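See structure below.
A short reminder: the numbers here are calculations on the coordinates, not readings from a lab. Predicted model only: the values in this text are computed from it and were never measured.
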């Protein structure tokens, strides 16, 4: 009986110590390191404008006005819904997907006044896997310049400078392609036209 009680006591103490370490000490340590070394990222990479949180640089928002750069299409919920993140799950043989992309290509050409000879960037007409990708390619941004310039009365050169200022390089210098954060670019546009 003494051995049984001793084993129970050892089991309880081990469980409590493990719970204290895994549920208390370790999370606090990770939180402290994240706050100290990666404060902005640990708190959601929030973008604050005029003392107000307007979004995150990690999550896309829908911009539909002609005076704004438009993000990638979204398949998340009813569009850009962070609570319903996800792709359409339609495969390359899906007629619905092919028709959707063809419709988006035609809309993109009309909205940005692009001739049929210019290929539309894939990211301008396809949703990302999460449906919330905040970036577009430089090509997708550059094809939208004339529409934005016309609606805002800015010079093409000044808008291209804003695109360059809001272009992020390859991940760790080697992965992916340079990309433009749409929310940051649109905020810079608003600041430039006020």
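The angle between the Cα long axis of helix 95-112 and the main principal axis of the chain comes to about 50°, on a 0 to 90 degree scale.
One decimal place: the segment residue 170-residue 19 gains 50.3 nm when fully extended, by the rule 0.36 nm per residue minus the C-alpha distance. As an equivalent ellipsoid, segment 1-43 spans semi-axes of 38, 6, 4 angstrom, where each value is the square root of five times an eigenvalue of the C-alpha gyration tensor, largest first. Note on residue 103 and residue 41: the extension gain reaches 18.7 nm, defined as 0.36 nm multiplied by sequence separation minus the Cα-Cα distance. Fully extending the segment from residue 66 to residue 49 would add 4.0 nm, taking 0.36 nm per residue of separation and subtracting the current Cα-Cα distance. In the elastic network of the chain, a GNM with C-alpha springs shorter than 10 Å, the most mobile of 176, 131, 24 is 24. Using a ≥ b ≥ c from the Cα gyration tensor of segment 36-146 (square roots of the eigenvalues), is it rounded, prolate or oblate, where a/c under 1.5 gives rounded and otherwise the larger of a/b and b/c decides, a/b for prolate? Because a/c hits 1.5 or more and a/b fails to exceed b/c, segment 36-146 counts as oblate. Taking the longest Cα principal axis of the chain as reference, the axis of helix 2-20 is set at about 30 degrees. Nearest 10 degrees is fine. How inclined is helix 182-192 to the longest principal axis of the chain, computing both from alpha carbons? The helix 182-192 is inclined about 60 degrees to the chain. Size estimate for the chain follows the Kirkwood approach: the inverse of mean 1/r over distinct Cα pairs works out to 20.0 Å.
Can you show me the helix-derived [θ] at 222 nm for the chain, built from DSSP H runs with n ≥ 4 at -39,500 (n - 2.57) apiece and divided by the number of residues, rounded to the nearest 500. Write out the running numbers ahead of the final one.
Working: 8 runs with 87 residues, N = 194.
Only helices count here, giving -13500 deg cm²/dmol.
GNM on the chain, alpha-carbon springs under 10 angstrom: the most fluctuating residue among 163, 110, 174 is 174. Across segment 1-108, the relative contact order, built from alpha-carbon pairs under 8 Å that are at least six residues apart, equals 9 percent.
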